[in-house]
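Remarks on the structure that follows.
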Amino acid sequence: MVQLRNSRITGTGMYVPPKVVTNFDLEKMMDTTDEWIRQRSGVVERRQVEPGQGPSDLAFEAAKLALADAELSSEDLDLIIFSTLSPDYFFPGSGVFLQDMLGEKTVPAIDLRCQCSGFLFGLNVAQSMVATGQYNNILLVGAEVHSSAIEYATRGRDVSVLFGDGAGAVVVQGTDDSERGIIEVELHTQGEFRDLLKMEFPSMRQRPFVTTKNVEDGAIYPRMDGRHVFKHAARRMPEVVGSVLGKAQLSPDDVDLFVFHQANLRINEMVMKRLGQPMEKSFNNIDRYGNCSAASIPMCLAEARAAGRINDGDLVCMASFGAGYTWAGALLRW
Ligand code: UT7
């Protein structure tokens, strides 16, 4: 029988730009209120880059912290996986920016575009590559600069109040320790709902690939059917958590900490309720950073570790839901 190699997260890091944008700041830009944003989403403030900064700049800071935490240097890396829906350039991907910043001349870098599930999709790719023995030291980052492409006006308020800029990084390494590591990762996609949360233009489906009408219509900004997304997220996340736990013959009661994507605190409250678990067993930072898409989960992991909420031997369960639709669950013994 082929013996597959186990992998575990050996380092975490996160970085957000210093500029804070509060709900009160948004009140001055659009028809919204602090009360509406807090009550409907749980967001109180978010971070924003200065023009000229891209997701790779944020990723670089998070990556340095994750590497230091893992006691690795960038020279030790075999692979970089960069998950983002808001890349520096249309092409090449943000992974090549990060690779250059880290000073690693020819280490391969992969960009993954799986939106808010990008971190867990990346974790599965990393886990599989370690399992086959192809790579042993993998840097996985999620980083987003949403603020450059959301509409800070009443027309875009259902989206723009929710999102923030940030980056989270982890190091995934092979391990011979059979007691610890990534136990399960399960991925799902449902493309029939691709138009319910999207940023459509620029689009290669039309010529020219962006028009003045697209700009005037605001079609260059993300569009979302919030209620539909909410309903599906609140159903799919507990479903996938149940599935990964079931495969490992474990129950929600066995989990030490739940770390979910940070799209809406009400979604996460609903997921915990459906799992029969108290909110105190979950880690959330949406109040301070908003929805940072692919960066949300690794940012939470880094903060939860720094706060002593994740310790060696803890069972950590993660889940995400986002555009595509994509959703995923993962279970690991820290
Ligand atoms: O990370 C990717 C996954 N994304 C998600 O999971 C997001 C899922 N969806 C949501 O989080 C929620 O649906 C929202 C927070 C986006 C919206 O909350 P909701 O409770 O579903 O509100 P709604 O869309 O039903 O809108 C209620 C009202 C509407 O006005 P009317 O039609 O009742 O007069 C909206 O126009 O709230 C209005 N509204 C706002 N009002 C003040 C929408 N956005 C805002 C705003 N400020 N920013």
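What follows is calculated from the coordinates using simple rules that are stated; it is not laboratory data. Quantities reported herein were computed from a predicted structural model and do not represent experimental measurements. Glycine gets a Cβ as well: all are built from the backbone with ideal geometry, and neighbour counts include every protein chain shown.
Points worth noting:
- Mean Cβ count within 10 Å, highest first, over the residues of peptides 287-299, 8-20: 287-299, 8-20
- When you filter the trypsin sites (Lys or Arg not before Pro) in the range 53-148 for DSSP loop state and at most 16 other Cβ atoms inside 10 Å of their Cβ, you are left with LYS105, ARG113.
- Remark: the range 209-216, residue by residue, has Karplus-estimated 3J(HN,Hα) of 6, 8, 10, 5, 5, 4, 5, 4 Hz, where x stands for each Gly or Pro and the curve is 6.51 cos²θ - 1.76 cosθ + 1.60 at θ = phi - 60°.
- Rounded to whole numbers, the Karplus 3J(HN,Hα) couplings from phi for the range 82-98 are 10, 9, 7, 10, 10, x, 4, 10, 4, 8, x, x, 5, x, 6, 4, 5 Hz, using 6.51 cos²θ - 1.76 cosθ + 1.60 with θ = phi - 60°, and x at Gly and Pro.
- Total charge dipole magnitude, the range 181-333, about the Cα centre, Cβ charges on Lys, Arg, Asp, Glu only, Debye to nearest 20: 460
- Spin-label model, MET101/ASP177: points 7 Å from Cα along the beta carbon direction are separated by 2.9 nm.
- Among VAL20, ASN291, ILE37 - extreme Cα towards positive end, dipole of the chain, charges at beta-carbon: ILE37
- Added length on full extension, which subtracts the Cα-Cα distance from 0.36 nm per residue, GLU200 to LEU4: 66.5 nm
- For the chain, size of Cβ-based charge dipole, Lys and Arg +1, Asp and Glu -1, in debye: 960
- Under the combined filter of DSSP loop state and at most 15 neighbouring Cβ atoms within 10 Å, the range 18-123 retains these GluC sites (Glu not before Pro): GLU71.
- Mean Cβ neighbour count within 10 Å, used as a protection proxy, ranking 121-127, 151-157 highest first: 121-127, 151-157
- The rule of thumb for compact globular proteins, 2.2 N^0.38 Å, goes into the C-alpha radius of gyration of the range 181-333 1.17 times.
- In order along the range 318-334, the phi-based Karplus estimate (6.51 cos²θ - 1.76 cosθ + 1.60, θ = phi - 60°) of 3J(HN,Hα) comes to 10, 8, 9, 8, x, 4, x, 5, 10, 8, 7, x, 8, 9, 8, 9, 5 Hz; Gly and Pro are listed as x.
- Each label was represented as a point 7 Å from its Cα along the Cα-to-Cβ direction; for THR212 and ALA306 these points are 4.7 nm apart.
- Cα lying deepest toward the dipole's positive end in the chain, options LEU265, GLY218, GLN127, charges on Cβ: GLY218
- Fraction of C-alpha pairs exceeding 21 angstrom in the range 6-175: 48 percent, rounded to a whole number.
- Inverse mean reciprocal Cα-Cα distance (Kirkwood Rh) of the range 29-81, Å: 14.5
- Once backbone amide H atoms are built at 1.01 Å from N, SER282 has PHE258 as its partners under 5 Å, excluding neighbours fewer than 5 places away on the same chain.
- Principal-axis tilt of helix 118-131 within the chain, Cα atoms, nearest 10 degrees: 20
- The chain, Cα convex hull volume normalised per residue, Å³: 138
- Residue-span extension gain [ASP25 to ASP287] - 0.36 nm each, minus C-alpha spacing: 92.8 nm
- Computed [θ] at 222 nm, deg cm²/dmol, the chain (DSSP H ≥ 4; -39,500 (n - 2.57); rounded to nearest 500): -9500 deg cm²/dmol
- Looking at the range 164-268, the chymotrypsin sites (Phe, Trp or Tyr not before Pro) that sit in a DSSP loop and have at most 13 other Cβ atoms within 10 Å of their own Cβ are PHE209.
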